[in-house]
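Single-structure report; data block below.
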């Protein structure tokens, strides 16, 4: 008798289940660590007592409810610092792309496509004054003749854009020290997350596909302990953030 080997198709065409699960597990671990750290250190850092008393009064909640809410807020702030790294881990697992890891000048490199990228989860992750610094950093990587990234195209990626529209354009932030915008350079660009996912994977709506796959991946990574409920309601937030994109 010959046995037929059953092969399971990956959740997404452009990344292996192993790599996607690894990226998800990383972020789940960061969430757990953030909560544990907040529980352990709550009250050690100064808490605004005026905000606390007016939140309790204005939101009409009791003290214990406020404490739970404040702990969640602090944990969420810590977790959000790692979401950009999650996208870096996912995209760095795509064929012909390399994750440069945290601490390096740039986040992603594709030598095949001659692209380098700096990834931020949200458009306001970098303050306005620092955007010019990022511009000059990217410019300094792709323009000098002695740079290993000479003639590459560099991208500043804001996964969640300020405006709900696609863009892939020349990056010209304001340089306050010069009182003018940075000079336009076709090799220094900015792009929204949905467009960059499409560019990296070569597949339309890759970001949407990945988000839709997350509940099942999260359940698997937690051995069934975490089952995401109300996925339709959560998808409304995704559609709201990326309206006119997907």
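Out of 116, 126, I need the residue that is within 19 Å of residue 100 (Cα to Cα) and in contact with a helix residue (DSSP H, G or I) (Cβ under 8 Å, 6 or more places away or on another chain). Which one?
Step by step, each of 116, 126 is checked, and only 116 is within 19 Å of residue 100 (Cα to Cα) and in contact with a helix residue (DSSP H, G or I) (Cβ under 8 Å, 6 or more places away or on another chain).
Looking for whichever is within 21 Å of residue 149 (Cβ to Cβ) and surrounded by 13 or more Cβ atoms within 10 Å (Cβ to Cβ) here; the options are 23, 117, 52. Which one fits?
Going through 23, 117, 52 in turn, just one is within 21 Å of residue 149 (Cβ to Cβ) and surrounded by 13 or more Cβ atoms within 10 Å (Cβ to Cβ): 117.
Looking at segment 39-55, is at least one residue outside any loop (DSSP other than H, G, I, E, B), closer than 30 Å to residue 214 by Cα, modelled with pLDDT under 95 and out of contact with any strand residue (DSSP E or B) (no Cβ under 9 Å at 6 or more places or on another chain)?
Within segment 39-55, one or more residues are outside any loop (DSSP other than H, G, I, E, B), closer than 30 Å to residue 214 by Cα, modelled with pLDDT under 95 and out of contact with any strand residue (DSSP E or B) (no Cβ under 9 Å at 6 or more places or on another chain).
Kindly indicate whether any position in segment 166-174 is under 19 Å from the mean Cα position of the chain (by Cα) and touching a residue at least 60 places away in the same chain (Cβ under 8 Å).
Looking for residues that are under 19 Å from the mean Cα position of the chain (by Cα) and touching a residue at least 60 places away in the same chain (Cβ under 8 Å), one finds at least one in segment 166-174, hence yes.
Of all residues being free of Cβ contacts under 8 Å to residues at least 12 places away in the same chain and part of a helix (DSSP H, G or I) in segment 200-232, which is surrounded by the fewest Cβ atoms within 10 Å (Cβ to Cβ)? Just the residue, please.
232
Looking at this structure, is residue 89 in a loop (DSSP other than H, G, I, E, B) and either closer than 20 Å to residue 13 by Cα or modelled with pLDDT under 95 (or both)?
For residue 89, the condition - in a loop (DSSP other than H, G, I, E, B) and either closer than 20 Å to residue 13 by Cα or modelled with pLDDT under 95 (or both) - is not met.
Conditions tested, residue by residue: (1) more than 30 Å from residue 223 (Cβ to Cβ); (2) surrounded by 10 or more Cβ atoms within 10 Å (Cβ to Cβ); (3) without any contact (Cβ under 8 Å) to a residue 24 or more places away in the chain.
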residue	(1), (2), (3)
34	no, yes, no
37	no, yes, no
48	yes, yes, yes
68	no, yes, yes
88	no, yes, no
99	no, yes, yes
111	yes, yes, yes
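Looking at (1) without any contact (Cβ under 8 Å) to a residue 40 or more places away in the chain; (2) surrounded by fewer than 20 Cβ atoms within 10 Å (Cβ to Cβ); (3) under 26 Å from residue 83 (Cα atoms), which is the one condition that is false for residue 191?
(2)
The values are calculated or read from the model by the stated rules, or taken from the named source; none is laboratory data. The structure presented is a predicted model; accordingly, all values stated were derived computationally and were not measured. Backbone-built Cβ (ideal geometry, glycine too); neighbour counts: all protein chains shown.
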